[in-house]
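The values are calculated or read from the model by the stated rules, or taken from the named source; none is laboratory data. On a predicted model such as this, the values are computed, not experimentally measured, just so you know. Ligands, DNA and RNA are stripped out before the accessible areas are found, and what is left, the full protein with its side chains, is counted by its heavy atoms. Shrake-Rupley method; radii C 1.70, N 1.55, O 1.52, S 1.80 Å.
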Amino acid sequence: MEMQLPPHEGGELSVVDMHTGGEPLRIILSGYPEVKGDSVLSKRRYVREHLDHLRRVLMYEPRGHYDMYGALIVDSELPEADLAVLFMHNEGYSTMCGHAVIALGRFAVDYKLVKEPKSPETQVNIHCPCGLVKAFVEYSEGKTGGVRFLSVPAFAFATDVTVTVEGFGEVTVDISYGGAFYAFVNAQRFGLDVSKSRTRDLVDAATAVTRAVKSQVKLHHPASDDLAFLYGTILTDGKDDYSPEPTANICVFAEAQVDRSPTGSGVTARVALQYHKGLIQLNQTRTFQSGATGSQFTGKAVEETKCGDFKSVVVEVAGRAFYTGVSRFVQEADDKLTHGFLLK
(Lines give C-alpha, C1' and ligand atoms only; values in the text may rest on other atoms or scores of the structure.)
Protein backbone atom coordinates (compact mmCIF):
# COMPACT_ATOMS: atom_id res chain seq x y z
CA MET A 1 0.00 0.00 0.00
CA GLU A 2 1.32 3.44 -0.90
CA MET A 3 1.90 5.52 2.21
CA GLN A 4 -0.31 8.59 2.29
CA LEU A 5 -0.84 11.30 4.86
CA PRO A 6 -4.09 10.99 6.84
CA PRO A 7 -6.74 13.71 6.60
CA HIS A 8 -5.56 16.73 8.56
CA GLU A 9 -5.81 20.49 8.81
CA GLY A 10 -2.81 22.80 8.71
CA GLY A 11 0.78 22.14 7.85
CA GLU A 12 3.03 19.15 8.20
CA LEU A 13 6.52 18.64 9.57
CA SER A 14 8.99 16.41 7.74
CA VAL A 15 12.01 14.92 9.49
CA VAL A 16 14.89 12.49 9.06
CA ASP A 17 15.73 10.47 12.16
CA MET A 18 19.25 9.32 13.00
CA HIS A 19 21.17 8.15 16.02
CA THR A 20 24.80 8.53 17.09
CA GLY A 21 25.92 5.99 19.66
CA GLY A 22 22.27 5.40 20.52
CA GLU A 23 21.45 9.09 21.06
CA PRO A 24 18.60 10.18 18.76
CA LEU A 25 18.68 13.11 16.38
CA ARG A 26 15.55 14.33 14.61
CA ILE A 27 16.62 16.54 11.70
CA ILE A 28 13.81 18.85 10.60
CA LEU A 29 13.52 19.06 6.83
CA SER A 30 10.43 21.23 6.41
CA GLY A 31 7.41 22.69 8.15
CA TYR A 32 9.01 25.55 10.09
CA PRO A 33 8.20 29.15 9.17
CA GLU A 34 11.05 31.58 8.48
CA VAL A 35 13.49 31.83 11.38
CA LYS A 36 14.41 35.48 11.71
CA GLY A 37 17.70 36.91 12.91
CA ASP A 38 21.01 38.16 11.52
CA SER A 39 23.12 35.57 13.37
CA VAL A 40 22.78 31.99 14.53
CA LEU A 41 22.59 33.14 18.16
CA SER A 42 19.83 35.63 17.32
CA LYS A 43 17.98 32.88 15.43
CA ARG A 44 18.30 30.72 18.55
CA ARG A 45 16.66 33.48 20.57
CA TYR A 46 13.94 33.89 17.93
CA VAL A 47 12.86 30.24 17.91
CA ARG A 48 12.88 30.21 21.70
CA GLU A 49 10.62 33.26 21.87
CA HIS A 50 8.34 32.69 18.84
CA LEU A 51 8.44 29.09 17.63
CA ASP A 52 8.87 27.05 20.77
CA HIS A 53 5.51 25.33 20.25
CA LEU A 54 7.03 23.47 17.29
CA ARG A 55 9.89 22.20 19.44
CA ARG A 56 7.31 20.72 21.80
CA VAL A 57 5.37 19.16 18.92
CA LEU A 58 8.47 17.33 17.64
CA MET A 59 10.37 16.61 20.85
CA TYR A 60 7.50 15.73 23.21
CA GLU A 61 5.16 12.77 23.17
CA PRO A 62 3.22 11.52 21.28
CA ARG A 63 5.64 12.18 18.38
CA GLY A 64 8.80 12.17 20.44
CA HIS A 65 9.73 11.27 24.00
CA TYR A 66 11.36 12.70 27.11
CA ASP A 67 14.90 12.16 25.78
CA MET A 68 14.37 13.15 22.13
CA TYR A 69 16.88 15.50 20.53
CA GLY A 70 16.42 17.68 17.46
CA ALA A 71 18.23 19.81 14.90
CA LEU A 72 16.77 22.62 12.82
CA ILE A 73 18.85 23.66 9.81
CA VAL A 74 18.96 27.41 9.23
CA ASP A 75 20.96 29.89 7.15
CA SER A 76 24.36 31.00 8.40
CA GLU A 77 25.86 34.47 8.30
CA LEU A 78 29.29 32.88 7.72
CA PRO A 79 30.21 32.47 4.04
CA GLU A 80 32.40 29.44 4.78
CA ALA A 81 29.56 27.50 6.47
CA ASP A 82 27.82 24.72 4.54
CA LEU A 83 24.90 24.88 6.96
CA ALA A 84 23.91 26.31 10.32
CA VAL A 85 21.95 24.46 12.95
CA LEU A 86 19.84 25.08 16.04
CA PHE A 87 19.80 22.25 18.58
CA MET A 88 16.71 21.43 20.65
CA HIS A 89 15.73 19.06 23.45
CA ASN A 90 13.20 18.63 26.26
CA GLU A 91 14.11 21.92 27.97
CA GLY A 92 15.02 24.27 25.17
CA TYR A 93 17.97 24.98 22.91
CA SER A 94 21.61 24.06 23.45
CA THR A 95 24.67 25.78 22.02
CA MET A 96 26.61 22.71 20.90
CA CYS A 97 25.93 19.03 20.36
CA GLY A 98 28.70 16.68 19.25
CA HIS A 99 26.52 13.66 18.57
CA ALA A 100 24.35 15.87 16.35
CA VAL A 101 27.39 17.24 14.51
CA ILE A 102 28.52 13.69 13.74
CA ALA A 103 25.07 12.84 12.36
CA LEU A 104 24.70 16.14 10.51
CA GLY A 105 28.06 15.71 8.81
CA ARG A 106 26.91 12.46 7.24
CA PHE A 107 23.45 13.89 6.51
CA ALA A 108 24.93 16.97 4.80
CA VAL A 109 26.92 14.83 2.36
CA ASP A 110 24.11 12.34 1.68
CA TYR A 111 21.49 15.08 1.19
CA LYS A 112 23.74 17.11 -1.13
CA LEU A 113 24.24 20.09 1.19
CA VAL A 114 27.89 19.77 0.15
CA LYS A 115 28.05 20.07 -3.63
CA GLU A 116 31.25 18.18 -4.40
CA PRO A 117 32.05 15.36 -1.95
CA LYS A 118 35.66 14.23 -1.93
CA SER A 119 37.34 10.95 -1.02
CA PRO A 120 38.59 9.78 1.40
CA GLU A 121 37.02 12.57 3.48
CA THR A 122 34.60 15.39 2.79
CA GLN A 123 34.79 18.49 4.95
CA VAL A 124 31.49 19.93 6.18
CA ASN A 125 31.52 23.31 7.94
CA ILE A 126 28.67 23.40 10.45
CA HIS A 127 27.82 26.70 12.10
CA CYS A 128 26.60 25.92 15.62
CA PRO A 129 25.45 28.53 18.15
CA CYS A 130 28.84 28.15 19.88
CA GLY A 131 30.75 28.80 16.63
CA LEU A 132 31.97 27.11 13.45
CA VAL A 133 32.65 23.39 13.81
CA LYS A 134 34.52 21.52 11.06
CA ALA A 135 33.36 17.96 10.44
CA PHE A 136 35.16 15.44 8.24
CA VAL A 137 33.04 12.67 6.76
CA GLU A 138 34.46 9.40 5.43
CA TYR A 139 33.39 9.18 1.80
CA SER A 140 34.16 6.43 -0.71
CA GLU A 141 32.34 5.27 -3.84
CA GLY A 142 29.32 7.42 -3.04
CA LYS A 143 28.93 6.12 0.52
CA THR A 144 29.41 7.98 3.80
CA GLY A 145 30.90 6.49 6.94
CA GLY A 146 32.47 7.65 10.19
CA VAL A 147 32.74 11.32 11.11
CA ARG A 148 35.26 13.31 13.10
CA PHE A 149 34.97 16.96 14.02
CA LEU A 150 37.19 19.72 15.35
CA SER A 151 35.67 21.62 18.24
CA VAL A 152 35.51 25.29 19.02
CA PRO A 153 38.15 26.27 21.64
CA ALA A 154 37.55 24.13 24.74
CA PHE A 155 38.84 24.96 28.20
CA ALA A 156 38.75 24.10 31.89
CA PHE A 157 36.71 26.83 33.53
CA ALA A 158 37.36 25.88 37.17
CA THR A 159 38.73 22.85 38.99
CA ASP A 160 38.16 21.49 42.50
CA VAL A 161 35.15 23.70 43.17
CA THR A 162 33.22 22.79 46.31
CA VAL A 163 29.43 23.10 46.13
CA THR A 164 26.77 22.09 48.60
CA VAL A 165 24.55 19.48 46.95
CA GLU A 166 21.14 18.74 48.43
CA GLY A 167 21.08 15.24 49.83
CA PHE A 168 24.83 14.74 49.45
CA GLY A 169 26.52 17.59 51.34
CA GLU A 170 29.71 19.16 50.03
CA VAL A 171 30.85 17.82 46.65
CA THR A 172 33.99 18.77 44.71
CA VAL A 173 33.41 19.31 40.99
CA ASP A 174 35.34 20.42 37.93
CA ILE A 175 33.70 22.67 35.34
CA SER A 176 34.80 22.58 31.71
CA TYR A 177 33.61 23.96 28.39
CA GLY A 178 33.39 22.01 25.13
CA GLY A 179 30.87 24.17 23.26
CA ALA A 180 28.69 23.98 26.36
CA PHE A 181 29.56 24.01 30.06
CA TYR A 182 29.49 20.79 32.10
CA ALA A 183 30.22 19.88 35.70
CA PHE A 184 32.27 16.70 36.17
CA VAL A 185 32.15 14.41 39.19
CA ASN A 186 33.36 10.87 39.85
CA ALA A 187 30.21 8.77 40.28
CA GLN A 188 31.88 6.93 43.17
CA ARG A 189 31.36 10.07 45.25
CA PHE A 190 27.69 9.04 45.33
CA GLY A 191 28.35 5.32 45.66
CA LEU A 192 27.42 4.81 42.01
CA ASP A 193 28.87 3.11 38.95
CA VAL A 194 28.19 4.82 35.60
CA SER A 195 27.84 1.49 33.80
CA LYS A 196 26.05 -0.62 36.42
CA SER A 197 23.94 1.60 38.67
CA ARG A 198 20.27 2.32 38.05
CA THR A 199 19.82 5.12 35.56
CA ARG A 200 17.36 6.82 37.92
CA ASP A 201 19.98 6.97 40.69
CA LEU A 202 22.56 8.43 38.30
CA VAL A 203 20.04 11.00 37.06
CA ASP A 204 19.10 12.04 40.60
CA ALA A 205 22.74 12.56 41.62
CA ALA A 206 23.70 14.42 38.44
CA THR A 207 20.59 16.62 38.57
CA ALA A 208 21.32 17.56 42.18
CA VAL A 209 24.85 18.58 41.17
CA THR A 210 23.57 20.64 38.25
CA ARG A 211 21.16 22.53 40.49
CA ALA A 212 23.90 23.20 43.04
CA VAL A 213 26.39 24.50 40.48
CA LYS A 214 23.78 26.68 38.79
CA SER A 215 22.89 28.31 42.09
CA GLN A 216 26.41 28.61 43.54
CA VAL A 217 28.82 29.17 40.63
CA LYS A 218 28.67 32.07 38.18
CA LEU A 219 29.80 31.10 34.69
CA HIS A 220 31.07 33.40 31.97
CA HIS A 221 32.25 32.91 28.42
CA PRO A 222 34.55 35.36 26.60
CA ALA A 223 32.55 35.29 23.36
CA SER A 224 28.94 35.73 24.46
CA ASP A 225 26.69 35.75 27.51
CA ASP A 226 24.38 33.41 25.55
CA LEU A 227 26.98 30.67 26.06
CA ALA A 228 27.41 31.21 29.82
CA PHE A 229 25.11 28.56 31.29
CA LEU A 230 25.59 25.09 32.72
CA TYR A 231 24.19 22.53 30.29
CA GLY A 232 24.46 19.52 32.59
CA THR A 233 26.56 17.22 34.75
CA ILE A 234 28.72 14.33 33.59
CA LEU A 235 29.36 11.52 36.04
CA THR A 236 32.57 9.61 35.28
CA ASP A 237 34.28 6.39 36.30
CA GLY A 238 37.17 8.48 37.66
CA LYS A 239 39.68 7.07 35.15
CA ASP A 240 41.08 10.42 34.03
CA ASP A 241 44.76 9.43 33.73
CA TYR A 242 45.71 8.51 30.18
CA SER A 243 45.11 4.87 29.31
CA PRO A 244 44.52 2.93 26.09
CA GLU A 245 41.52 1.39 27.84
CA PRO A 246 38.10 3.11 27.51
CA THR A 247 36.90 5.43 30.23
CA ALA A 248 33.14 5.56 30.85
CA ASN A 249 30.81 8.44 31.67
CA ILE A 250 27.14 9.32 31.58
CA CYS A 251 25.80 12.78 30.81
CA VAL A 252 22.59 14.19 32.30
CA PHE A 253 21.67 17.47 30.62
CA ALA A 254 18.79 19.91 30.08
CA GLU A 255 15.77 18.79 32.17
CA ALA A 256 17.25 15.52 33.50
CA GLN A 257 17.70 14.21 29.96
CA VAL A 258 20.06 11.23 29.63
CA ASP A 259 22.51 11.07 26.73
CA ARG A 260 22.74 7.57 25.29
CA SER A 261 26.07 8.36 23.62
CA PRO A 262 29.37 9.30 25.29
CA THR A 263 28.35 12.95 24.54
CA GLY A 264 30.38 14.75 21.87
CA SER A 265 30.57 18.15 23.53
CA GLY A 266 31.05 16.37 26.86
CA VAL A 267 34.00 14.39 25.48
CA THR A 268 35.37 17.71 24.18
CA ALA A 269 35.05 19.30 27.61
CA ARG A 270 36.47 16.24 29.37
CA VAL A 271 39.53 16.11 27.06
CA ALA A 272 40.12 19.83 27.69
CA LEU A 273 39.91 19.17 31.43
CA GLN A 274 42.33 16.23 31.29
CA TYR A 275 44.74 18.27 29.18
CA HIS A 276 44.53 21.18 31.64
CA LYS A 277 45.44 18.81 34.48
CA GLY A 278 48.39 17.36 32.56
CA LEU A 279 46.80 13.90 32.37
CA ILE A 280 46.99 13.67 28.57
CA GLN A 281 49.22 15.22 25.93
CA LEU A 282 48.48 16.64 22.50
CA ASN A 283 47.42 13.96 19.99
CA GLN A 284 46.97 11.25 22.63
CA THR A 285 43.74 9.54 21.62
CA ARG A 286 41.41 8.34 24.35
CA THR A 287 38.29 6.22 23.99
CA PHE A 288 35.19 7.38 25.84
CA GLN A 289 32.36 4.96 26.49
CA SER A 290 28.72 5.61 27.28
CA GLY A 291 27.68 4.17 30.61
CA ALA A 292 24.16 3.91 29.19
CA THR A 293 24.72 1.94 25.97
CA GLY A 294 28.40 1.06 25.80
CA SER A 295 28.80 3.03 22.55
CA GLN A 296 32.14 4.75 22.04
CA PHE A 297 33.66 7.99 20.75
CA THR A 298 37.33 8.83 20.54
CA GLY A 299 38.75 12.19 21.54
CA LYS A 300 42.09 13.95 21.53
CA ALA A 301 43.46 17.46 21.95
CA VAL A 302 45.11 18.46 18.68
CA GLU A 303 46.08 22.11 19.11
CA GLU A 304 46.60 24.69 21.83
CA THR A 305 44.74 27.97 21.40
CA LYS A 306 43.12 30.76 23.42
CA CYS A 307 39.54 31.72 24.22
CA GLY A 308 39.65 35.13 25.81
CA ASP A 309 41.96 34.71 28.82
CA PHE A 310 41.45 30.94 28.95
CA LYS A 311 44.18 28.61 27.74
CA SER A 312 42.22 26.34 25.43
CA VAL A 313 42.58 23.40 23.10
CA VAL A 314 40.94 22.31 19.88
CA VAL A 315 39.61 18.79 20.40
CA GLU A 316 38.93 16.18 17.74
CA VAL A 317 36.01 13.84 18.45
CA ALA A 318 35.10 10.89 16.22
CA GLY A 319 32.14 8.50 16.05
CA ARG A 320 29.50 6.91 13.82
CA ALA A 321 25.90 7.94 13.09
CA PHE A 322 23.17 5.87 11.47
CA TYR A 323 19.80 6.53 9.84
CA THR A 324 16.67 5.16 11.50
CA GLY A 325 13.89 6.50 9.28
CA VAL A 326 11.89 9.42 7.90
CA SER A 327 8.56 10.78 9.10
CA ARG A 328 5.90 13.31 8.13
CA PHE A 329 3.98 14.57 11.14
CA VAL A 330 0.55 16.24 11.12
CA GLN A 331 -1.69 17.91 13.67
CA GLU A 332 -5.45 17.51 13.91
CA ALA A 333 -7.35 20.53 15.12
CA ASP A 334 -9.47 18.68 17.70
CA ASP A 335 -6.55 16.73 19.21
CA LYS A 336 -6.18 18.11 22.74
CA LEU A 337 -2.71 16.54 23.06
CA THR A 338 -1.42 17.68 19.70
CA HIS A 339 1.00 20.22 21.21
CA GLY A 340 2.83 17.53 23.13
CA PHE A 341 3.37 16.40 26.70
CA LEU A 342 6.12 14.81 28.79
CA LEU A 343 6.00 12.01 31.32
CA LYS A 344 8.83 12.03 33.84
Order Arg189, Arg106, most accessible first, counting only protein heavy atoms with a 1.4 angstrom probe.
Arg189, Arg106
Just the Kirkwood number for segment 296-344, please: inverse of mean 1/r across all distinct Cα pairs, in Å, one decimal.
16.2
Compute the convex hull volume of the Cα atoms of segment 126-257, divide it by the residue count, and report the result per residue in Å³ as a whole number.
147
Per-bin percent of Cα-Cα distances, segment 273-315 [5 Å]
6, 20, 26, 19, 15, 9, 4, 1
Compactness ratio of segment 32-106: Cα Rg over 2.2 N^0.38 Å, N = residue count?
1.08
Over all directions, segment 1-159 yields a Cα convex hull whose mean projected area in nm² is 12.2
Part-to-part distance (alpha-carbon centres) for segment 151-194 and segment 285-324, which is given in Å
17
Rounded to whole Å², per residue accessible area for segment 151-279 with a 1.4 Å probe reads 39
Pop out the carbon and sulfur fraction of the accessible area of segment 93-160 as a percent, whole number, probe 1.4 Å.
45
Report, in listed order, any pair from Lys43/Lys311; Lys36/Lys214; Lys118/Lys277; Lys112/Lys300; Lys36/Lys300; Lys196/Lys239 with a Cα-Cα distance greater than 27 Å.
Lys43/Lys311; Lys36/Lys214; Lys118/Lys277; Lys112/Lys300; Lys36/Lys300
Distance histogram in 10 Å bins (all Cα pairs of segment 212-339, percent per bin):
11, 34, 31, 15, 7, 2
Given a 1.4 Å probe, the accessible area of segment 37-149 per residue, as a whole number of Å², is 39
All-pairs alpha carbon distance profile, the chain, 10 Å steps from 0, percent
6, 26, 35, 24, 8, 2, 0
Hits among lysines - C-alpha to C-alpha of Lys115 under 20 Å, sequence gap 8 or more where chains match
Lys134, Lys143
Report, to the nearest 10°, how far helix 40-50 tilts away from the longest principal axis of the Cα atoms in the chain, using its own Cα long axis and a range of 0 to 90°.
60
Roll a 1.4 angstrom probe over the protein heavy atoms and tell me the percent of accessible area of segment 266-307 that is carbon or sulfur.
40
Please work out whether segment 118-187 counts as rounded, prolate or oblate from its C-alpha gyration tensor, where a ≥ b ≥ c are the square roots of the eigenvalues and a/c under 1.5 means rounded, while otherwise a/b larger than b/c means prolate and anything else oblate?
prolate
